[in-house]
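The values are calculated or read from the model by the stated rules, or taken from the named source; none is laboratory data. No experiment lies behind these values; they were computed from the predicted model shown. When we count neighbours, we look across all protein chains shown, and the Cβ atoms used for this are built from the backbone with ideal geometry, even at glycine.
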Amino acid sequence: MAATTAPRTDRVPLLARQAAAEFIGSALLAATVVGSGIAAQRLSPQDRGLQLLENALITGAVLVALILALGPVSAAFNPVVTLVERALGAVTTAAAALFVACQVAGCCLGVMLANLMFDLPAVNISNHDRTGGDLLLAEAVATFGLIVIIFGVVRSGRSHAVAFAVGGYTTAYYWFTSSTSFGQPRHHLGTDAVGHLRRDRTRLGLRLRRPAGCRCSCRPGRVAPAVPEHARTGR
């Protein structure tokens, strides 16, 4: 007589797994963005265009990888994406608050790890201000485009392609925006052009409007885009 197998039950609650995915994904994304920026500056110190290309390609690549790996659980990696999910009723208010906290904490950890991997101080408050109407406009345009990309792909029933769409768009907006789309809200709290912890009063509001790192979580019942945040190299 064949033995019967009891239905598998997850020992870890779904919300806990989602929060862990947001934390880990945000940390890895921030570490990659910042680490590649530092490496680009060291490897190509005289060529800012090459620095930006290196940073953009690596950021796009890691976004694809992270969305594919963590998307089945949760891959927003961005407070704006999470807030949009909340507005659409995909997550509860409590879950959204938890995810945002994990995203910010993960980003800060990733930045510090990147700095330490390159033998830099874990924390360094930058005084590099990024201000100006041109940068605000660039962030708004890039944010709008990201939202269109994420939800356009998901709602058209091509969720399997979101990772590649987001990675490609992220690589592109490094180049077509004057701000290089330095726009993750959580990343804003964590990075400078070379990944140092910083404060930037002017751009906080704009970054909160933008789903950086469009990590798109396309598990049943939830649309969670996610996108990378990135620092402009050499600016």
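Summary of computed values
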{"quantity": "Every residue from the range 61-73 that is touching a strand residue (DSSP E or B) at 6+ places or on another chain (Cβ under 9 Å) and part of a helix (DSSP H, G or I)", "calculated": "LEU63, LEU66, ILE67, LEU70"}
{"quantity": "Test result for ALA76, aliphatic (A, V, I, L, M), closer than 21 Å to VAL166 by Cβ and part of a loop (DSSP other than H, G, I, E, B)", "calculated": "yes"}
{"quantity": "Residue, nearest to the chain's Cα centre (by Cα), within the range 94-120, restricted to residues that are assigned to a helix (DSSP H, G or I) and more than 26 Å from GLU139 (Cα to Cα)", "calculated": "LEU113"}
{"quantity": "Residues (more than 22 Å from GLU85 (Cβ to Cβ) and among the acidic types (Asp, Glu)) located in the range 123-149", "calculated": "ASP129, ASP134"}
{"quantity": "Residue within the range 42-52 that is in contact with a helix residue (DSSP H, G or I) (Cβ under 7 Å, 6 or more places away or on another chain), in a helix (DSSP H, G or I) and closer than 24 Å to ALA163 by Cβ present", "calculated": "yes"}
{"quantity": "Boolean, ALA140 is over 28 Å from LEU52 (Cβ atoms) and surrounded by fewer than 23 Cβ atoms within 10 Å (Cβ to Cβ)", "calculated": "no"}
{"quantity": "Where ILE125 falls short, out of the listed (1) of a type outside the set (D, E, K, R); (2) farther than 25 Å from GLU54 by Cβ; (3) at pLDDT 85 or above; (4) touching a strand residue (DSSP E or B) at 6+ places or on another chain (Cβ under 7 Å)", "calculated": "(3)"}
{"quantity": "Some residue of the range 83-93 being touching a helix residue (DSSP H, G or I) at 6+ places or on another chain (Cβ under 6 Å), in a helix (DSSP H, G or I) and either within 22 Å of LEU15 (Cβ to Cβ) or of a type in the set (Phe, Trp, Tyr) (or both)", "calculated": "yes"}
{"quantity": "Number of positions in the range 73-93 that are under 12 Å from the mean Cα position of the chain (by Cα) and at positive phi", "calculated": "1"}
{"quantity": "Test set (1) closer than 19 Å to GLU85 by Cα; (2) modelled with pLDDT of 90 or more - LEU120 fails condition number", "calculated": "(1)"}
